[in-house]
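Asks: The structure's right below; bear with me while I get my questions together.
What follows is calculated from the coordinates using simple rules that are stated; it is not laboratory data. Note that this is a predicted model, so its numbers are computed, not measured. Please note: Cβ atoms are built from the backbone with ideal geometry, for glycine as well, and neighbour counts cover all protein chains shown.
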Ligand code: GLU
């Protein structure tokens, strides 16, 4: 059993990241599993080595450890290239020349999670049209997805079903600036790192069918998934990096690591009161059954 941390080092961790990190760590350790760390620093404009170092210090401060040398996505480009080529050989990849505005216009009504369903218009371009457009701009590259329903059972959210063509549309594997997309990188790395259990925020539940399909095409086994509910700010909004008071730097002014972990463990239903505790002490108490499945609106701390 191998679980993972996969933080995006584009800023300081906030409460939502700490929450899913703690639960991912507990799920792995309570099953006697390994825990691996991957820094998702694909976007060179947003991710820096300084933030990578900070994220690791923050995880350590909280009492969360990992077993491998950290993997940096920014150093894994050849692996993404190889997977991309494998998909190209299956003739499932095509260039998309849509600008942002065209993409929006080419999208069916938005799905419940706010993402747009791409209608696949560039899939139907002729070779001539492609040549023409390629002279004007660099394309992004999309995966042609099948019109078929597929489902999986999430450890917390139960059955989740999607028809990739209707509910998602052909999705981007590589951006027009050459950066490989999150969806491709995450599956290549999860497979390479031997991850067998993915525990993360439920905002990524709807990415899972794409990731499972990619794994299938690449001939890799799918891990199991547990999507933990998002913590909501007291006013019902999703916690975001801009909520400065929820950033770890601000939280550290008010709480010790044990106090913070205790509060999170209480929200997770693992302990009856929000008393100080270490992650290690929670290992024997962790159980999927006690975790809330729905959004958690936090009372102000
Ligand atoms: N890097 C993503 C994030 O921090 C998580 C990706 C994943 O867990 O698959 O939101």
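Asks: Quick one: divide the alpha-carbon radius of gyration of segment 44-179 by 2.2 N^0.38 Å and tell me what you get.
Replies: Taking the Cα Rg and dividing by 2.2 N^0.38 Å, one obtains 1.33.
Asks: Calculate, axis by axis, the spread of Cα positions in segment 193-259 along the three principal axes, and write the results as whole Å, longest axis first.
Replies: 47, 26, 16
Asks: Angle check, please: helix 208-217 long axis (alpha carbons) against the longest principal axis of the chain (alpha carbons), in degrees 0 to 90, nearest 10.
Replies: The helix 208-217 is inclined about 60 degrees to the chain.
Asks: Then there is this: Can you tell me what percent of all Cα-Cα pairs in segment 110-184 are more than 20 Å apart?
Replies: The share of Cα pairs beyond 20 Å in segment 110-184 comes to 44 percent.
Asks: How big is D for segment 199-301, in µm² s⁻¹ as a whole number, if Stokes-Einstein is applied with the Kirkwood radius of its Cα pairs at 37 °C and 0.692 mPa s?
Replies: Rounded, D is 210 µm²/s.
Asks: At q = 0.17, 0.18, 0.23 Å⁻¹, what is the log10 ratio I(q)/I(0) for segment 138-252, with the Debye formula run over Cα points and no solvent?
Replies: -0.96, -1.03, -1.27
Asks: Okay, moving on. Order of 26-37, 250-261 by packing, highest average Cβ count within 10 Å first?
Replies: 26-37, 250-261
Asks: Something else: Roughly what % antiparallel, to the nearest 5, for the DSSP beta bridges in the chain?
Replies: So the antiparallel bridges amount to about 60 percent of the total.
Asks: Provide the convex hull volume over Cα atoms per residue for segment 1-70, in Å³.
Replies: Per-residue hull volume (Cα only) is 77 Å³.
Asks: Quick one: which of 213-220, 166-173 comes out on top by average Cβ neighbours within 10 Å, and what's the full order, highest first?
Replies: 166-173, 213-220
Asks: Next question. So what is the diffusion coefficient of segment 35-108 in µm² per second by Stokes-Einstein at 20 °C and 1.002 mPa s, using a Kirkwood Rh over Cα pairs?
Replies: My calculation gives 137 µm²/s for D.
Asks: Can you give the angle from 0 to 90° between the axis of helix 182-192 and the longest principal axis of the chain, with both taken from C-alpha atoms, to the nearest 10?
Replies: The answer is roughly 70 degrees.
Asks: Students often check this: by mean Cβ neighbours within 10 Å, which of 46-59, 281-294, 180-193 ranks highest, and how do the rest follow?
Replies: The most tightly packed comes first, giving 180-193, 46-59, 281-294.
Asks: From the mean inverse distance of alpha carbon pairs (Kirkwood) and the Cα radius of gyration, derive Rg over Rh for segment 240-300.
Replies: Result: Rg/Rh = 0.99.
Asks: In angstroms, what radius of gyration and Dmax does the chain have, counting Cα atoms only?
Replies: 20.2, 67
Asks: Still on this structure, please answer the following. Given a 10 angstrom Cα cut-off, can you work out which residue in 61, 141, 25 is the most mobile in a GNM of the chain?
Replies: Checking each option, the largest mean-square fluctuation is seen for 61.
Asks: To the nearest 10 degrees, how steeply does helix 257-267 sit against the main Cα axis of the chain, on a 0 to 90 scale?
Replies: Helix 257-267 and the main axis of the chain meet at about 70 degrees.
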